[in-house]
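**Student:** Handing you a structure now.
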Amino acid sequence: MLAGADVVLAAANGTIRLKRAPPSATITYRRGDETESHEAPGNQIELPAGSYAFSASAPGFAELTTRVQLAAGENREVDFTLARERPAAPHR
C-alpha cells in the first residue's frame, strides 16, 4: 500500500511522449537550470514539473529544438518530425 508521501511524489512528475521521425533520430533534453543534456532513448519519459529544452537530430536531417513547460501530473506529446536537409546547390 502506498503512503501519502509516495502518492504525492508520484504525482509530482509529468510524462512526455516523444514522436520521432526518422525513428533513428537522437533526442536530448535538459531542464532550464541545467547545463548538461540527457539522452531520451525511448518514446516516453517521466520528468519533474519544470521547463525543458528538447533537441532532435539525425544524419541528413535538419536539427529541431523546442521548449516544453511541463506541469505536475501532465501528459504532453512532442512531435520531432525532422525535415530532410537540402543538398547544397553546386557552385558554378
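The values are calculated or read from the model by the stated rules, or taken from the named source; none is laboratory data. Only a predicted model underlies this, so the values are computations on that prediction, with no experimental measurement involved. Note: ideal-geometry Cβ built from the backbone for every residue, glycine included; neighbour counts use all protein chains shown. We work out accessible area using only protein heavy atoms, side chains counted, and drop any ligands, DNA or RNA first. Shrake-Rupley method; radii C 1.70, N 1.55, O 1.52, S 1.80 Å.
**Student:** Within region 63-92, how many residues are open to solvent by 40 Å² or more (accessible area, probe 1.4 Å) and either free of Cβ contacts under 8 Å to residues at least 40 places away in the same chain or assigned to a loop (DSSP other than H, G, I, E, B) (or both)?
**Tutor:** Quick first cut of region 63-92, residues open to solvent by 40 Å² or more (accessible area, probe 1.4 Å) only: 63-67, 69, 71-77, 79, 81, 83-92.
Keeping just the survivors that are either free of Cβ contacts under 8 Å to residues at least 40 places away in the same chain or assigned to a loop (DSSP other than H, G, I, E, B) (or both) gives 63-67, 69, 71-74, 83-92.
Counting residues in region 63-92 that are open to solvent by 40 Å² or more (accessible area, probe 1.4 Å) and either free of Cβ contacts under 8 Å to residues at least 40 places away in the same chain or assigned to a loop (DSSP other than H, G, I, E, B) (or both) gives 20.
**Student:** Also: Filter region 47-59 for residues that are open to solvent by 40 Å² or more (accessible area, probe 1.4 Å) and part of a loop (DSSP other than H, G, I, E, B) and give the result.
**Tutor:** Here is the first cut: in region 47-59, the residues open to solvent by 40 Å² or more (accessible area, probe 1.4 Å) are 48, 51, 57, 59.
Result: P59, single match.
**Student:** As an exercise: evaluate N13 against (1) surrounded by 15 or more Cβ atoms within 10 Å (Cβ to Cβ); (2) modelled with pLDDT of 95 or more; (3) out of contact with any Phe, Trp or Tyr (no Cβ under 6 Å at 6 or more places or on another chain) and give the number of the one condition it does not meet.
**Tutor:** The single condition N13 does not satisfy is (2).
**Student:** Got a number for residues in region 22-39 being open to solvent by less than 60 Å² (accessible area, probe 1.4 Å) and at pLDDT 95 or above?
**Tutor:** If we filter region 22-39 for residues that are open to solvent by less than 60 Å² (accessible area, probe 1.4 Å), which is where we start, we get 22, 25-29, 32.
Those left that are additionally at pLDDT 95 or above: 22, 25-29.
Looking only at that region, the number is 6.
**Student:** Go through region 28-46 and count every residue that is under 14 Å from D79 (Cα atoms) and either in contact with a Lys or Arg (Cβ under 6 Å, 6 or more places away or on another chain) or part of a loop (DSSP other than H, G, I, E, B) (or both).
**Tutor:** Of the residues in region 28-46, 4 are under 14 Å from D79 (Cα atoms) and either in contact with a Lys or Arg (Cβ under 6 Å, 6 or more places away or on another chain) or part of a loop (DSSP other than H, G, I, E, B) (or both).
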